[in-house]
Amino acid sequence: MFDVVIKNAKLFLEGKVQEAELAITDGRITKIAKDIGGDNILDAHGSLVLPGVIDVHVHFRDPGMTHKEDWYSGSCAAAAGGVTTVIDHPNTVPPTTTLKSFEVKLNAAKKSIVDFGINAGVVDGAELEALWKAGITAFGEIYMAESMGKMCVDDDALSNALKTIAQLDGIACIHAEDERIIKERTEKLMNKTDPSAYSSSRPNESEANAITKATESASTAECKLHICHISTKEGLRLLEKNVTCEVTPHHLFFTEKDWDRLGTLGKVNPPLRSEGDRQALWAGLNRIDMIASDHAPHALEEKEQDIWSAPPGVPGVETSLPLMLHAVKAGHISLQCLVERMAINPARVFGLNGKGDIKVGNDADLVFVDFKNVTPIKADDMHSKAGWTPFEGMDAIFPKMTMIRGGIVFDGEVVGEKGYGRFIPGEGATNLYINEGK
Ligand code: NCD
Ligand code: ZN
């Protein structure tokens, strides 16, 4: 009757951990009860079972920069980190700004072993309506300042785009930094060679100004707004009630003090901030909707340049859940806070139906965890092509097993078949691309 029944599990159900069995049929959760029984049993050996993580901010670099990452390597890293769904951002080569480039990305993503959404890029001339109908998840990140990929938009382009996105009833995801402030500061600091000058070149007020501007523009356009990788106490204070946001593990765990240890490996946008900002982010987790990795891998040789030439970004899709689980064990956040921010809220905000929670009818996207399993993060164990991690040596709790739609993709090693991952069409999708060939 059921394909498999998971027993001896502690399931995270309705906000708390409960001992129950869970049955799966055709990739979906079909029953949850104290005692289901059946022939095909999967013994969880007392593991905690959480909904699979949805990482709404990854840069898998495919097409165009596959020496940094590709859909297979990136998705293997995701699976090993308990991430069952990723949303890929548009600053690839070509950028995902036209229907044609969307098709190219969808084709590249056929290598994925985890389920995925694809975001559309917003630049002058981007085919926003066609992309929405093709099934993109959301618009952005929309770059209010240059980051990777030369996709920065000016104020007029932003407000025009937000009007179009509002008409489509989509969500605008904003990279909130102020290009003018950054340019001015960078010119003054360019002669500095100490990597920490990079934080000064992109100050807190740059994020604050950008959030204010984006909020005003979105409210005029009546457009739904999501702030990517929020990093400052000022930014947090400026968040209007109806605006959602995400925070990254690197901004939760690192500060400017880490420049000494990380050197140019610590270069990321927005940059590493003060201890006061870091504490404000932890204290503000109740207001923050999601934890997303902003997985932005670069090759080590690329990062080992002077601070102004090195590309911005750090890998993180494989380490975000493990670091946050360790934070749960250390008493810094509750398990409920983690699950809401890493699975439930991402699914709700981005309309990923059937994902994000353990309940009957949803996809059986599950992560099996043992809190006793504390291990230090090692670059050698990671699956990203980056080959390095800023979190080297930090304690983490990696999943024992990751399951997507009832299929095991990671059980200590990657076992998911290349191409197992499915495209999750967004809310504007016509049926053109839905699960092509599957
Ligand atoms: C990201 C990248 O490398 O794609 N880099 C980064 O520093 N965060 C782009 C981005 O998210 O801004
Ligand atoms: Zn960004």
| query | Got a sec? Which of 221, 172, 176, 210 is open to solvent by less than 10 Å² (accessible area, probe 1.4 Å) and in contact with a Leu (Cβ under 7 Å, 6 or more places away or on another chain)? | reply | 172
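The rows are residues; the columns are (1) of a type in the set (Lys, Arg); (2) under 30 Å from residue 219 (Cβ atoms); (3) surrounded by fewer than 22 Cβ atoms within 10 Å (Cβ to Cβ).
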{"position": "256", "(1), (2), (3)": "no, no, yes"}
{"position": "260", "(1), (2), (3)": "no, no, yes"}
{"position": "312", "(1), (2), (3)": "no, yes, yes"}
{"position": "343", "(1), (2), (3)": "no, yes, no"}
| query | For region 336-363, which residues satisfy the criterion of being part of a loop (DSSP other than H, G, I, E, B) and under 17 Å from residue 18 (Cβ atoms)? | reply | 357, 358, 359, 360, 362
| Looking only at residues in region 138-150 that are in contact with a strand residue (DSSP E or B) (Cβ under 8 Å, 6 or more places away or on another chain) and open to solvent by 10 Å² or more (accessible area, probe 1.4 Å), which one is nearest to ligand 2 (Cβ to nearest atom)? | 147
| What pairs come up if the first residue lies in region 172-187 and is farther than 27 Å from residue 292 by Cα, the second is more than 13 Å from ligand 2 (Cβ to nearest atom) and part of a loop (DSSP other than H, G, I, E, B), and their beta carbons are under 7 Å apart, counting only those six or more places apart or on different chains? | 185/203
| field | Residues of region 115-137 satisfying the condition of being open to solvent by 10 Å² or more (accessible area, probe 1.4 Å), more than 17 Å from residue 223 (Cα to Cα) and of a type in the set (Asp, Glu) | value | 124, 127
| message | Whether any residue in region 225-234 is away from ligand 2 (no atom under 16 Å from the Cβ), within 22 Å of the chain's Cα centre (by Cα), outside any helix (DSSP H, G or I) and aliphatic (A, V, I, L, M) is what I want to check. | response | no
| task | Check whether at least one residue in region 75-89 is free of Cβ contacts under 8 Å to residues at least 60 places away in the same chain, closer than 26 Å to residue 231 by Cα and either of a type in the set (S, T, N, Q) or more than 16 Å from ligand 1 (Cβ to nearest atom) (or both), and report yes or no. | result | no
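Rundown of residues vs (1) assigned to a helix (DSSP H, G or I); (2) within 16 Å of ligand 2 (Cβ to nearest atom), yes/no style:
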residue: 261; (1), (2): yes, no
residue: 272; (1), (2): no, yes
residue: 278; (1), (2): yes, no
residue: 282; (1), (2): yes, no
residue: 287; (1), (2): no, no
residue: 309; (1), (2): no, no
residue: 314; (1), (2): no, yes
residue: 323; (1), (2): yes, no
residue: 326; (1), (2): yes, no
| Has region 166-187 got any residue that is hydroxyl-bearing (Ser, Thr, Tyr) and touching a helix residue (DSSP H, G or I) at 6+ places or on another chain (Cβ under 7 Å)? | yes
| note | Reported set for region 136-191 where residues are assigned to a strand (DSSP E or B) and closer than 30 Å to residue 115 by Cβ is 139, 140, 141, 142, 143, 171, 172, 173, 174, 175
| field | Among the candidates 42, 22, residue that is outside the structural domain of residue 140 (by TED's automatic domain parsing) and surrounded by 24 or more Cβ atoms within 10 Å (Cβ to Cβ) | value | 22
| message | Name the residue that is surrounded by the fewest Cβ atoms within 10 Å (Cβ to Cβ), counting only residues in region 364-381 that are assigned to a loop (DSSP other than H, G, I, E, B) and of a type in the set (D, E, K, R). | response | 372
| Does at least one position in region 152-170 carry a residue that is under 25 Å from residue 217 (Cα atoms), within 16 Å of ligand 1 (Cβ to nearest atom) and among the small types (Gly, Ala, Ser)? | no
| remark: Only one of 421, 393, 428 is open to solvent by less than 70 Å² (accessible area, probe 1.4 Å) and more than 22 Å from residue 296 (Cα to Cα), namely 428
| task | Considering only residues that are of a type in the set (D, E, K, R) and out of contact with any Phe, Trp or Tyr (no Cβ under 8 Å at 6 or more places or on another chain), look in region 66-102 and name the one that is surrounded by the fewest Cβ atoms within 10 Å (Cβ to Cβ). | result | 100
| Just a yes or no: is a residue in region 296-308 open to solvent by less than 10 Å² (accessible area, probe 1.4 Å) and closer than 15 Å to residue 197 by Cβ? | yes
| Has region 125-143 got at least one residue that is touching a residue at least 60 places away in the same chain (Cβ under 8 Å), away from ligand 1 (no atom under 16 Å from the Cβ) and more than 24 Å from residue 352 (Cβ to Cβ)? | no
| request: Output the number of the condition that residue 125 fails; it satisfies all remaining conditions of (1) farther than 21 Å from residue 60 by Cα; (2) within 16 Å of ligand 2 (Cβ to nearest atom); (3) not in a helix (DSSP H, G or I). | output: (2)
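The values are calculated or read from the model by the stated rules, or taken from the named source; none is laboratory data. On a predicted model such as this, the values are computed, not experimentally measured, just so you know. Because the Cβ atoms are built from the backbone with ideal geometry, glycine has one as well, and the counts that use them run over all protein chains shown. These area figures cover heavy atoms from the full protein model, side chains too; ligands, DNA and RNA do not enter into them. Shrake-Rupley method; radii C 1.70, N 1.55, O 1.52, S 1.80 Å.
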